[in-house]
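Step one of this worksheet: look at the structure below.
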Amino acid sequence: MAVTNYSCCPSGTWVDSLLATTSLQAVPHQTILRRAPPAFGGFWLFCSATLLGITVSVAPALADGNDLSDKVEPLPGFYGFNDDIPEVLTTTRLRQPKTRVPGSTTVIEGNLIRQLGINSLVEIFRLVPGMVVAEVGSSTPVTTYHGTAHYEQRRMQIMIDGRTAHRATLSDMDWQSMPVALELIERIEVSRGPNSAAYGINAFLGSINIITRDPADTAGAELRVMSGSRDYRRTFASIGDATEDIDWRLAIEKRVFGGFDYQKEDGEFIPFHDGQNLNFLTFDSRLKLKPDFNIELRAGVTDGVNEEDQYKTGYFPAQANPDIDVRDYYLDSRFNFIPSADHFFHVQVSFENFKRRQRWPIKLPTEDVLPLFNGICSNPAGSSVNCSNLNTAPESLSANLNADSEDSRLELELQDTLVLSDTTKLVSGLGYRHDTYRSETFSNGRGTSEQYRVFGNFEYSPTNWLTFNGGGNWEHTGTTGQGYFSPRLAANLIFNNQHALRFVYSEAVRTPDSFEQNPDYGYTLRNVNAAYADELEGYRLTINDLLEKNYVNTLGVHLTEEKIRSHEISYFGQFPVSPALLTLEVRGFRDEMRDMIGGVIQFEEWNIDNSVDIDQKGFEVEGSVVFPSTTLRLSYGYLDQESRYSGPDSYDGKKLSAEEKGNKLAWLGRLSARHSGSIVAIQRLPWNITAASAFYWADEFRNSQFERLDIRLAKQLIQPRYTAELAFVMQHYLNREYDLSSDNNIADHNQFFVEAGLRF
Amino acid sequence: MAIIDRSLSKVGLFRTAYFIARGRVVVALFGLILMLVAGAARSDITIPLIYVVGSGNDVLDNYLLDQVRQVVGQEVPIMPVNESEAALNPDVPIVTIGPSAFTTALGRYPQSPILATLISQEYYRAMASARSDKKSERTVSAVYYDVPLLNQALTGKAILPQARRIALLATPKSTHLYSELRSQLPKYNLEAQMFVVNSSSELIPALVRALYYGDFVLAAQDPSIYNPSTIKHILLTAYRRNIMVIGPSQAYVKAGSLASSYAPYSAVAQTLVSALQQWFQKGFFPEPTYPTYFNVQINEQVGRSLNIPLPSEDSVKQQVAELLREQAMSATKDAAADAANSGILP
């Protein structure tokens, strides 16, 4: 029987002996220690003693334990030394830690949204410091960072999974018809501050990226129903699977809501027809063709009705509610290439189509008909009308109007991420967008506009406590025919990987959209009543047919870009205070906005131009304390806005009055709340019950306040094979006054909702 | 003169002999001093002989046995067991390395005492049921290689002190792995919920529900759930939900688990040596046990990306040891109190 001696051999060094690979089944050829001849005894003793001495003194320096990874081959089938465990979370897959991001970002997790019982997409943004949420018109939700105008919110870039989500030509954000179900939101990343360097023009005040849950994460089925006050009803169902080759998910959602209860019309409160009834069908998938290449395919269809109230629509008195038929669809594909652990890029191609159909009858009272005829006849463009017959107006004028529109967007983007070394990373890319719009009313036919851009960001960390980011976006847009460069420079000082101090300078540009720049806004009269049909059937009414203009019309004025320059100092820190974790982010900013487009766009009043300069400064705080069963979150924003009129004093010889100038300033301050914020508390109770409460407020909203307290109690039934949830939500409006618009009235200041969900 | 010469030469010889002898003694003393200085607790271990059934991976076996040698402080006579050999001395224990070696030894040498190393508790219990487990007769025992789930759970708690709920995934056949853990957790202010996976297609839906529940996922050494082909899905899904995965072992930390405790070979060797000592001194093995201490490995890149402030690996190791010690002390106090109480009662 062979005995192998594991001590030193005279010839080898001690290192060799440690790794001696004498076969355990070898033919005996070594002497057994005990029977070594005495002559060798002393020598062996000396040798082994010395060796032992050295070894033992050096042994602690050897990593005690399992650093076998380099030395030992994996033992097949023996977990612990696994065969080929892939490296899954590689550098390129990992998100940037908050200490290294070159700006302040608020991340709202999907879980938080569901725990607070937030019942519509736009409401989520009350949690972001510096953002406000309100409703205009017939309960059309608007939200923005750092205020400015309330109608047509167009100063933030909003994306769903990297695909631009706002409408192509009107640059409008239609939050009601956004094809994202609350249950499918993984997280929302709000970049606060100009982000054009990364996302292009339009990320003027910031950017919002809604990231939906990966189809691999929604395998199984989910059902959810929510019902409550003001005819609120939302149903959601999704089904999906994750296999070797494909992950996919199909989801349907129905959103029904009654909107506000009462509007104020002529001093009276009457019911408000401002609800919605929309259906969504979305499909998300990922085809995993090769380990280094996969394709994401998404598609969705939206169909439904967005109610509009007849008293809130247009210049001409509507005789029926001009509800909007919504029929949108999108196709989105993204090709992800991962050539190596340090390099990956993607190509995204998406197509979206927004089709709106809005038709309603109008009736102009008899006394208003003759002035209209005079207007038409004094308008050179009205020469096609036989004015000789329009001298008298015996009866009222009735006709059908429409505001149909269809716009589509084709978007291409290539983005490449290259990790050059441990200290440098380069992100670069190209983008192209082609918008097409068709509308009889808004553009008198068909038009297109194009924009293309090149962008890049270079991240360099000379030491582990300092990171520099330098990036920019150069973009050319058809609406102004110009190219613009938007840079961003940031320096992050990082302490201990838990604290960071950031200094950020960024510039951005917002160009006027096609409708602002080249409007051809007119309503074609159809089904005119018999008395006037011969003259006016098919006639397209425009602003020039209207006589009363006690303001300065700017139709036809060439608009240029709005500019912003932002200086930011912010701090982010984490304080582990066992057993809790305190996280704090404070952002101070000083922004200069120049050549802002102020004024209104209405059929009967068009006076937008680049005429307002705004200086904004303030600070925002976002903090959270997480205990084992309790989470507290706070957000607060302070905004100080100073606006000045910086446009021309007159147009075409007509001088602007002080009131007109003042109005332009006021309209760009409608959503600029001085104080806004939220406080959230979530407590886990026994028996899988969770209690959550949120308090939202916004101050100085056109001289009114928004204050609301939400409370949600949820019971989860967690079984090995399914999870069920039942929840009860109450919203309590502390302030009985309307916010922002006198039409936004709710009858009962307590609103109740019930939720039931099942996941398996 | 001759006498003087003879005496001189005798003296010379004596002197030489004396010096040679003294030289050897000096050397021996030097060696002894070195050994004493160097190896504090190691000078009194004697292991006369052990048989070894290797794992098939020589580098691994040699490394482990060398760790044993370092613990013992001197050479350890080791006889590798050849397949063709049938007769073994029944007083000499067989040390097996790895699960297949253990199974082989159990089958082939039913009369011999066997001490298994690098084997999981699960595997050992499944295989060793045949032999008696009575204390004084124990002829088979083990030094487990997997990490007790409680250690892993406490590792998670040390990294994320605000964690309270732990998500567990299991197949119907592996739910028993967690039953002991679930009873131990409440003492540490933790709770766990099991999510059962019936087939591979159910893994992701169960994981998704688990991620809604847990503050982190505790992965046990359960190859039916956590193996190289499923780990990608699991780590990516948990990462997307901003939730960390602890375990199943050190090898998975490189893949993307945030952390895992593991037993370094030196700890395995220490436990092995004390078990062998007991055999040679008392004639039976101690009960199968885990190694004396565990280290922690943390994936810092993943931790930073999850915005988790990471303590150092040593700090986590100490915290876990501290928590276990506190519990053990209070358990002893309770036991003592109970004993005292029962003593008082007539």
- If you line up the long axis of helix A:38-58 against the longest principal axis of chain A, both from Cα atoms, how many degrees apart are they, to the nearest 10? 20
- Task: Once you have a ≥ b ≥ c as the square roots of the Cα gyration tensor eigenvalues for the stretch A:375-483, tell me rounded if a/c is under 1.5, and otherwise prolate or oblate according to whether a/b is larger than b/c.
- Result: prolate
- Message: If each residue of separation counts as 0.36 nm, what is the full-extension length gain between A:D261 and A:F485 once their alpha-carbon separation is subtracted?
- Response: 76.0 nm
- Note on the structure: In cubic angstrom per residue, the convex hull of the protein assembly as shown built on its Cα atoms measures 216
- Query: In debye to the nearest 20, how big a dipole does the stretch A:407-553 give about its Cα centre with +1 on each Lys and Arg Cβ and -1 on each Asp and Glu Cβ?
  - Reply: 540
- Taking +1 at the Cβ of each Lys and Arg and -1 at the Cβ of each Asp and Glu, which of A:A530, A:W360, A:N119 sits farthest along the dipole of chain A towards its positive end, judged by Cα position relative to the Cα centre? A:N119
- Task: For the stretch B:167-178, take each phi angle, set θ = phi - 60°, evaluate the Karplus expression 6.51 cos²θ - 1.76 cosθ + 1.60, and give the result in whole Hz per residue in order, putting x for glycine and proline.
- Result: 9, 10, 10, 8, 8, x, 7, 10, 4, 5, 4, 9
- For the stretch A:661-736, the Debye formula with one identical point scatterer on each Cα and no solvent gives log10 I(q)/I(0) at q = 0.21, 0.22, 0.26 Å⁻¹ as -0.92, -0.96, -1.12
- Task: Only helical DSSP H runs with n ≥ 4 go in: add -39500 (n - 2.57) per run for chain A, normalise by residue count and round the 222 nm mean residue ellipticity to 500 deg cm²/dmol.
- Result: -2500 deg cm²/dmol
- Query: With respect to the cross-link table entries A:K254/A:K288; B:K134/B:K282; B:K157/B:K232; A:K363/A:K654, which display a Cα-Cα separation exceeding 26 Å?
  - Reply: A:K254/A:K288; A:K363/A:K654
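Given the protein assembly as shown, what percent of its DSSP beta bridges are antiparallel, to the nearest 5?
Given both bridge residues lie in the protein assembly as shown, the antiparallel proportion sits at roughly 90 percent.
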- Query: Counting Lys and Arg as +1 and Asp and Glu as -1, each charge on the Cβ, what is the dipole of the stretch B:235-342 about the Cα centre in debye, to the nearest 20?
  - Reply: 380
- Segments A:589-596, A:505-512 sorted - mean Cβ within 10 Å per residue, highest first: A:505-512, A:589-596
- DSSP loop (so not H, G, I, E, B), at most 14 other Cβ within 10 Å: list which GluC sites (Glu not before Pro) in the stretch A:86-123 pass both filters. A:E87
- Task: Scan the stretch A:161-262 for GluC sites (Glu not before Pro) in coil per DSSP, keeping those whose Cβ has at most 10 other Cβ atoms within 10 Å, and list them by number.
- Result: A:E244
- Message: Can you compute log10 of I(q)/I(0) for the stretch A:109-222 with the Debye formula, treating each Cα as one identical point scatterer, at q = 0.15 Å⁻¹?
- Response: -0.64
- Task: Using the Cα centre as the reference, give the magnitude of the dipole from point charges on the C-beta atoms of chain A (Lys, Arg: +1; Asp, Glu: -1; all else neutral), rounded to the nearest 20 debye.
- Result: 2320
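Out of the GluC sites (Glu not before Pro) in the stretch A:656-719, which ones are loop residues according to DSSP with at most 15 other C-beta atoms within 10 Å?
Filter output for the stretch A:656-719: A:E700.
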- Using the C-alpha gyration tensor of the stretch B:129-260, what are the square roots of 5 times its eigenvalues, in whole angstrom, with the largest one first? 27, 17, 15
- Hey, what did the stretch A:681-760 get for relative contact order, percent, Cα under 8 Å, at least 6 apart? 26
- Message: How far apart, in nanometres, would the label points at A:Q602 and A:Y460 be if each is projected 7 angstrom from Cα along the Cα-to-Cβ direction?
- Response: 5.4
- Task: Grab the alpha carbons of the stretch B:217-291, take their convex hull, and tell me the volume per residue in Å³.
- Result: 94
- Item | Helix A:366-378 vs. chain A, principal-axis angle (Cα, 0 to 90°, nearest 10) | 80
- Task: Among B:Y145, B:T171, B:L185, flag the residue with its Cα farthest along the positive direction of the charge dipole of the stretch B:114-193, charges on Cβ as +1 for Lys/Arg and -1 for Asp/Glu.
- Result: B:L185
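Every number here is computed from the coordinates shown, using simple stated rules; none is lab data. The structure presented is a predicted model; accordingly, all values stated were derived computationally and were not measured. Note that we place each Cβ from the backbone using ideal geometry, even for glycine, and neighbour counts take in every protein chain shown.
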